[in-house]
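In what follows, a single structure is set out as structure tokens and then discussed.
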């Protein structure tokens, strides 16, 4: 019989149990039955490093003095220690179906995790429950939760697969039959409306208040110059599209009521053909820019509204409507809002709401505009309620008071945190080979800063010096806003292609914002060197070794650049914060809220206590406490809902015309992120 080649055991590439099974099959094929031959073959096949480890494990005996079964038991107990049942069940019940995994693949993952959970007699029941709880499709989940107690794992699996297949087939049919239609409807460039041409437009002889020419309205003016059509910051605003909020000092943006508006909700103002009304709150030129804010209960929700006696109408932005009042039907309206400079402020429609204040309840209209603006309490509402002006002034100043966070926790102390009870293991694909790269030259201007950062990480225990390593990745220094550098290993050429990348779904922004419903103020917490607060298991540290001009160093903590880092950290934080109210987490960005100040502080204290218990550290300079609004994940989050950030909207509005497919994809991606506001 031809001799088979037996590969040496490499603990970085293969699990011991798998290798032992291969070795047992080798003995059968080669007809090795003698105990001494088995022992000798095993000792020759484990390699130099594992043999040295075995000598330490069995000292003062020699490995050759032991039986084959004794050696395998020693190696198994070392390489495959029995994990704590509670910890393994924690992983099992925390598993969710990833977005790119099928139902079949998801169940296979659960069964793999269940092997070490010691479920014994209730394995099928545990698998069934965890399978249903972690399904990504809500309709499938609801269908299975509606079944009675006789539902088995097999039946649940068949139902889930059936619904998954039906959904895929439906999507394919829809995609195959859908056609992108091009509207053949004519649009008038005199007034901007559809259904007629210029010769039939009633505004064809109107004189533009922007350029002075006849034949079009100011909202459709295409003039490139002229001062009347420019906004306060010098930029042209003629089309009435979505703009970000601007602070106005001495200039007043105003609304004109169109005489054709016969809505009964116009508070008697529509009979005046050209009276001008201010829209946005005027900021005092004296320096006191504190807005006057009144809290009104609208459809059961407490809404802070800026008091504007110069606005005839009560107005809210599109973002507030979509995030808070989207259940109310948006009704068409003839009300037209125009500024003194000729701008048309696009009115999307109006909604009817129940407003309550100081015991009085009224059914009143709110006009929704396609502008980023504060929710304004106009004269139409002010005439319906008797406001307590002393309370209003106090509300306007509440944001200026100093708020102290709960004390007694070391989360703000110096140093790098270390999450207790968690060690990261990186698993390689079968056949992975070690890769070693020489250090890359570092720009002269960054050499000293790179050296300082390496010394700092050595001092706090994030790095450790080594003399030899099979793996080594070159570094990529990234300059930070504070002038320091962040050192990242270029793992995309070494570890990442050979790594079994961990899959864990990142939460969508809307899922996180749901947890913040009803919040009045918001606290944002930032973790110090987030990934580096997770310790790497000793057996995996060679994989994250970096090669620098100062020599070889390996990380003891999870470094930036590892493909699985984000998924690992997100899963860890979700498990750590599980059960805490009023908190949402996206990787290393935490946001906390509450329905009032007391609840907010209670929730914040629970979060800080949990972080302290697990050994995490926060960067105090980047934390923001108890603010009426904060920027989070590219949105402005406030008690009124979410809205786009000004900088991102401006970037989209100022974006150059795409020149190729890559620029088009980039622009579409930016617009798609805010698709709910379009």
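All of (1) over 30 Å from residue 52 (Cα atoms); (2) surrounded by fewer than 17 Cβ atoms within 10 Å (Cβ to Cβ); (3) over 28 Å from the mean Cα position of the chain (by Cα) hold for residue 157 with one exception: (2). Residue 323 satisfies every condition listed in (1) modelled with pLDDT of 75 or more; (2) in contact with a strand residue (DSSP E or B) (Cβ under 7 Å, 6 or more places away or on another chain); (3) outside any helix (DSSP H, G or I) except (3). Could you check, for region 389-409, whether at least one of its residues is under 15 Å from residue 296 (Cα atoms) and either at pLDDT 75 or above or assigned to a loop (DSSP other than H, G, I, E, B) (or both)? Checking region 389-409: not a single residue is under 15 Å from residue 296 (Cα atoms) and either at pLDDT 75 or above or assigned to a loop (DSSP other than H, G, I, E, B) (or both).
None of 569, 522 is without any contact (Cβ under 8 Å) to a residue 60 or more places away in the chain, in the same structural domain as residue 465 (by TED's automatic domain parsing) and buried (at least 21 other Cβ atoms within 10 Å of the Cβ) except 569. Within region 113-140, the set of residues being surrounded by 17 or more Cβ atoms within 10 Å (Cβ to Cβ) and either part of a helix (DSSP H, G or I) or within 28 Å of the chain's Cα centre (by Cα) (or both) comprises 113, 114, 126, 127, 128, 130, 131, 132, 134, 135, 140.
Within the set 475, 454, the sole residue that is crowded, with 17+ Cβ neighbours inside 10 Å, over 30 Å from residue 105 (Cα atoms) and within 28 Å of the chain's Cα centre (by Cα) turns out to be 475. Count of region 444-460 residues, restricted to those that are closer than 12 Å to residue 553 by Cβ and either outside the structural domain of residue 490 (by TED's automatic domain parsing) or touching a strand residue (DSSP E or B) at 6+ places or on another chain (Cβ under 8 Å) (or both), is 5. Across region 649-678, the number of residues qualifying as assigned to a helix (DSSP H, G or I) and either in the same structural domain as residue 520 (by TED's automatic domain parsing) or without any contact (Cβ under 8 Å) to a residue 24 or more places away in the chain (or both) comes to 15.
Among the criteria (1) outside any helix (DSSP H, G or I); (2) buried (at least 17 other Cβ atoms within 10 Å of the Cβ), the one residue 83 does not fulfil is (2). Scanning region 491-514 for residues that are surrounded by fewer than 18 Cβ atoms within 10 Å (Cβ to Cβ), in contact with a strand residue (DSSP E or B) (Cβ under 9 Å, 6 or more places away or on another chain) and in a loop (DSSP other than H, G, I, E, B) yields 500, 506, 507. Scanning region 145-162 for residues that are in contact with a helix residue (DSSP H, G or I) (Cβ under 8 Å, 6 or more places away or on another chain) and over 15 Å from residue 107 (Cα atoms) yields 145, 147, 151. Which one is surrounded by the fewest Cβ atoms within 10 Å (Cβ to Cβ), of the residues in region 25-39 that are modelled with pLDDT of 85 or more and under 55 Å from the mean Cα position of the chain (by Cα)? Taking the candidates together, the pick is 28.
Of all the criteria given as (1) part of a strand (DSSP E or B); (2) within 16 Å of residue 509 (Cβ to Cβ), the one not satisfied by residue 574 is (1).
Per-residue answers, yes or no, for (1) modelled with pLDDT under 90; (2) farther than 25 Å from residue 630 by Cα:
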{"position": "480", "(1), (2)": "yes, no"}
{"position": "486", "(1), (2)": "yes, yes"}
{"position": "496", "(1), (2)": "no, yes"}
{"position": "516", "(1), (2)": "yes, no"}
{"position": "522", "(1), (2)": "no, no"}
{"position": "531", "(1), (2)": "no, no"}
{"position": "558", "(1), (2)": "no, yes"}
{"position": "565", "(1), (2)": "no, yes"}
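Scanning region 465-472 finds one or more residues that are more than 29 Å from the chain's Cα centre (by Cα), at pLDDT 90 or above, surrounded by 14 or more Cβ atoms within 10 Å (Cβ to Cβ) and not in a loop (DSSP other than H, G, I, E, B).
The values are calculated or read from the model by the stated rules, or taken from the named source; none is laboratory data. Source: prediction; values computed, not measured. So basically every Cβ, Gly included, is an ideal-geometry build from the backbone, and we count neighbours across all protein chains shown.
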